[in-house]
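Down below is the structure, laid out as structure tokens.
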Amino acid sequence: MRTEPKQRSRSGRHPARAAGTALALALMTTVTAGCSTDAQAQHAVIATYHHVSESTPRSTSLTPDQLRTQLEYLRDNDFAVWPLDRVLAALQNQEDMPERVAALTFDDAYESIYTTGLPMLQEFGFPMTLFVSTQPIDDNQDGYLNWDQIRDMADAGVIIANHMVNHPHMIDALPDESNAERLQRLRDELLHAQQRIQDETGQNHKILAYPYGEFDNDISEMVADEGFIALAQNSGAVGYHSDFTALPRFPLAGFYADIETASTKLQALAFEIKVQEPRSPITDSRRPAVTLQLAGDFNVSQLGCYAGGEPLELEWIDRDAVHFSIQPAAGRTFDARRFGYICTAPKRGTNRYYWYNKFWTRPTPTNAD
Ligand SMILES: [Zn+2]
């Protein structure tokens with residue numbers, strides 16, 4: 001489930017591209033700037049996992065050793081690993097938070113989450129959330145947990161949350177289905193999954209993870225209308241000002257599992273996004289443009305945006321206001337169903353990076369997943 005280019009960077013270097021000048025500037029500010037200007041921390045990171053195994057598809061798996069290394073990193077670097085509902089409430093209520101907060105989430109209720117992931121997290125005393133698509137569980141599908149195991153997890157304090165019934169591509173209409181009919185179908189499915197989870201575990205958290213991270217503006221409105229917070233799968237940290245109908249999460253498996261890459265993301269900060277136009281991820285372009293206005297405690301000369309690992313030119317609308325557009329050059333196009341652009345900037349006086357990912361989905365009929 002790649003929504004960003006493979007990155008090979010060392011902690012402290014520019015995460016999206018180890019640019020020499022950016023590194024030099026980052027080091028300079030580390031030396032010259034004193035302490036943070038933020039009165040209080042207002043960020044967290046939500047990590048996404050699927051399988052914890054050496055024998056499942058690599059792109060959605062990390063090995064038990066890789067997970068252990070990430071958990072050790074969290075333990076050894078003063079992270080407060082909180083249950084997801086506590087993280088979401090703290091952000092929404094704009095509570096004072098520790099400098100480093102993380103929540104760990106697992107999607108799809110695969111067997112290895114229960115057999116390998118849960119015991120390892122328990123060893124570290126870290127809470128977790130499980131996003132369940134209910135139909136594979138109701139069908140006793142191979143490779144998935146059963147309700148007894150999921151109840152076991154719930155009894156151990158795991159948050160059991162919504163991942164729809166059938167793991168649908170929510171943005172795709174069925175043949176001859178109107179948009180209103182599609183939204184009604186998705187609303188029914190959302191509520192049915194929620195009911196199944198409540199019936200089986202007694203939990204009713206009203207937190208949805210969009211399958212494949214896919215959503216559109218109509219979907220996020222419907223979800224909010226039902227009182228849900230929704231999480232996507234575009235990379236990025238979450239903050240006070242995040243969009244609680246499409247919160248970013250960092251996938252930390254596959255290419256992104258190794259600790260050099262994962263640690264940069266676990267330390268990431270949320271830009272305040274003042275403008276994001278278009279807001280919707282849906283596009284029919286292979287090189288869509290987006291206009292952004294980003295705020296945070298960073299030096300604008302250190303802001304960099306990237307697509308497929310290549311730097312994008314920032315077209316300034318107002319540089320002082322950090323208001324700009326980005327679009328890949330004419331020869332550079334993206335053919336995947338899902339792709340994204342990343343913008344990062346180091347926080348002044350630190351080696352932590354603000355991180356934003358503009359996530360696109362190009363759901364043409366020939367571009368099914
Ligand atoms: Zn999923």
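No lab work stands behind these numbers, since they all come straight from the coordinates. Owing to the predicted nature of the structure, the values given are computational and were not obtained by experimental measurement. Cβ coordinates were reconstructed from backbone atoms using ideal geometry, including for glycine residues, and neighbour counts include every protein chain displayed.
Using the basic label-point model (7 angstrom from Cα toward the beta carbon), what is the LYS274 to ALA330 distance in nanometres?
3.3
Quick one: compute the contact order of the chain, relative version, from alpha carbon pairs under 8 angstrom and 6+ residues apart, as a percent.
21
Using amide H atoms built 1.01 Å from N in the peptide plane, name the residues 5+ places from TYR49, or on other chains, whose amide H lies under 5 Å from its own.
The answer is THR105, PHE106, ASP107.
Using a/c under 1.5 as the rounded threshold, could you call segment 251-369 rounded, prolate or oblate? The axes a ≥ b ≥ c are square roots of the C-alpha gyration tensor eigenvalues, and prolate needs a/b larger than b/c, oblate otherwise.
In terms of gyration-tensor shape, oblate.
Which value, in debye to the nearest 20, describes the size of the charge dipole of the chain about its Cα centre when Lys and Arg Cβ atoms bear +1, Asp and Glu Cβ atoms bear -1, and nothing else is charged?
In debye, rounded to 20, the chain gives about 1540.
What is the P(r) of the chain, as percent of Cα-Cα pairs per 20 Å bin from 0?
30, 60, 10, 0
Using the Karplus equation 6.51 cos²θ - 1.76 cosθ + 1.60 (θ = phi - 60°), what ³J(HN,Hα) coupling, rounded to whole Hz, does each residue of segment 53-64 give in order, writing x for Gly and Pro?
6, 9, 10, 9, x, 4, 5, 10, 10, 10, 7, x
Straight-line reach only, C-alpha to C-alpha below 13 angstrom: list the aspartates and glutamates that LYS206 could link to, leaving out same-chain residues fewer than 8 apart.
Hits, sequence-local ones excluded: ASP85, ASP225, GLU226.
Using alpha carbons only, how many degrees (0 to 90, rounded to 10) separate the axis of helix 20-32 from the longest principal axis of the chain?
Roughly 80 degrees, rounded to the nearest 10.
Order these peptides, 155-164, 134-143, by their mean beta-carbon neighbour count within 10 angstrom, highest first.
Descending mean neighbour count gives 155-164, 134-143.
Quick check: from the Cα gyration tensor, does segment 168-289 come out rounded (a/c under 1.5), prolate or oblate?
On the way: a/c = 1.79, a/b = 1.29, b/c = 1.39.
It is oblate, given that a/c is not under 1.5 and a/b is not larger than b/c.
List the aspartates and glutamates whose alpha-carbon lies under 18 Å from that of LYS347, not counting same-chain residues fewer than 8 positions away?
Within the straight-line limit of under 18 Å, LYS347 reaches these aspartates and glutamates: ASP38, GLU99, GLU272, ASP297, ASP320.
Cross-link candidates for LYS274: which aspartates and glutamates have Cα within less than 12 Å, leaving aside residues fewer than 8 places away along the same chain?
ASP243
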